[in-house]
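K.L.:
Please see the structure below; I have some questions.
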Amino acid sequence: MKAQWMVEFLLALCVLIVLAVCVPDGLERCLALVNSDQVLFEAQSDDSHQDAGSEIATAEIEARVIELVNQQRRAAGLPPLQPDPTLTEIARTRSQDMLARGYLDHLDPQTGELLFCQLLRARGMQGGGENLFLTDDSSGQVPEVAVTWWASSPTHYQNMVRAQYRRTGVGVAVRSWRVYITQIFL
């Protein structure tokens, strides 16, 4: 029993260190987690990339992200982006891959290549943009937090309001407290 507690403690410590170093506002979030009674880990019974019952929530997050991004576009005098099932599939693949391999980056950690570009090319498409977001926010405001963060970043904001983009797909992957969001623009 003592060994299990020590393993859980060390895993939690590693997660806090990674969050503090790799995630925007990570240090503040780590301190908030340390000072709260939140559970950092939940046992996983299988190797799925979604928690049980999260499918409805992920679809709601995906739809809300598109809605909020389209609000940004309307404010900039642009037409709304149209949801595209192929781009949604690519975005979901990207989020699930990052969750499974534990990274957040536009580049593949092994090959250094832009994965979303590879996925687009495999479907006969090219160009486009990608916004990524990772949070442990349990407030229920994940789409709002993601789009607000993107809007505050010049490069991400430009993806949201680039006039030549007409279609989009959003993919969400969730495990326990971790939520990955990918938005693809074309």
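K.L.:
Report whether or not A173 is more than 18 Å from the chain's Cα centre (by Cα) and not in a helix (DSSP H, G or I).
P.N.:
Values: more than 18 Å from the chain's Cα centre (by Cα): no; not in a helix (DSSP H, G or I): yes.
Taking the combined requirement at face value, the residue does not satisfy it.
K.L.:
Give E67, E62 a once-over and let me know the one that is open to solvent by 70 Å² or more (accessible area, probe 1.4 Å), in a helix (DSSP H, G or I) and modelled with pLDDT of 90 or more.
P.N.:
Working: E62 fails: open to solvent by 70 Å² or more (accessible area, probe 1.4 Å).
The unique qualifying residue is E67.
K.L.:
Tell me, which residue of the range 85-134 that is among the polar types (S, T, N, Q) and in a loop (DSSP other than H, G, I, E, B) is farthest from Y180 (Cα to Cα)? Explain how you work it out, then say what you get.
P.N.:
Residues of the range 85-134 that are among the polar types (S, T, N, Q), as a first pass: 86, 88, 93, 95-96, 110-111, 118, 126, 131.
Right, trim to in a loop (DSSP other than H, G, I, E, B) and you get 110-111, 126.
Values: Q110: 19, T111: 21, Q126: 23 Å.
In this case the residue turns out to be Q126.
K.L.:
Filtering the range 118-134 down to residues that are buried (at least 19 other Cβ atoms within 10 Å of the Cβ) and in contact (Cβ under 8 Å) with a residue 60 or more places away in the chain, which residue is nearest to L186 (Cα to Cα)?
P.N.:
L120
K.L.:
Let me ask something additional. Find all pairs meeting these conditions: Cβ atoms under 7 angstrom apart; at least six residues apart or on different chains; first residue within the range 60-84 and over 19 Å from L132 (Cα atoms); second residue open to solvent by less than 90 Å² (accessible area, probe 1.4 Å) and of a type in the set (S, T, N, Q).
P.N.:
Listed pairs, sorted by first residue: P80/N70.
K.L.:
Out of the residues in the range 167-184 meeting the condition of being out of contact with any Ser or Thr (no Cβ under 8 Å at 6 or more places or on another chain) and at pLDDT 95 or above, tell me which one is least open to solvent (accessible area, probe 1.4 Å).
P.N.:
Restricting to residues being out of contact with any Ser or Thr (no Cβ under 8 Å at 6 or more places or on another chain) and at pLDDT 95 or above, the top hit is T168.
K.L.:
How many residues does the range 85-113 contain that are without any contact (Cβ under 8 Å) to a residue 12 or more places away in the chain and out of contact with any Pro (no Cβ under 6 Å at 6 or more places or on another chain)?
P.N.:
Total satisfying the criteria: 9.
K.L.:
Kindly indicate which of L120, L115, L99, L87 is farther than 16 Å from A59 by Cα and in contact with a Phe, Trp or Tyr (Cβ under 9 Å, 6 or more places away or on another chain). I'd like the intermediate steps shown before the answer.
P.N.:
Numbers: L120 fails: in contact with a Phe, Trp or Tyr (Cβ under 9 Å, 6 or more places away or on another chain); L115 fails: in contact with a Phe, Trp or Tyr (Cβ under 9 Å, 6 or more places away or on another chain); L87 fails: farther than 16 Å from A59 by Cα.
Going through L120, L115, L99, L87 in turn, just one is farther than 16 Å from A59 by Cα and in contact with a Phe, Trp or Tyr (Cβ under 9 Å, 6 or more places away or on another chain): L99.
K.L.:
Identify all residues within the range 135-158 that are open to solvent by 20 Å² or more (accessible area, probe 1.4 Å) and either within 18 Å of C117 (Cα to Cα) or not in a loop (DSSP other than H, G, I, E, B) (or both); write none if there are none.
P.N.:
E144, V145, T148, W149, A151, S152, P154, T155, H156, Y157, Q158
The values are calculated or read from the model by the stated rules, or taken from the named source; none is laboratory data. Computed from a predicted structure; not experimentally measured. All Cβ positions, even for glycine, are placed from backbone atoms using ideal geometry, and neighbour counts span all protein chains on display. We work out accessible area using only protein heavy atoms, side chains counted, and drop any ligands, DNA or RNA first. Shrake-Rupley method; radii C 1.70, N 1.55, O 1.52, S 1.80 Å.
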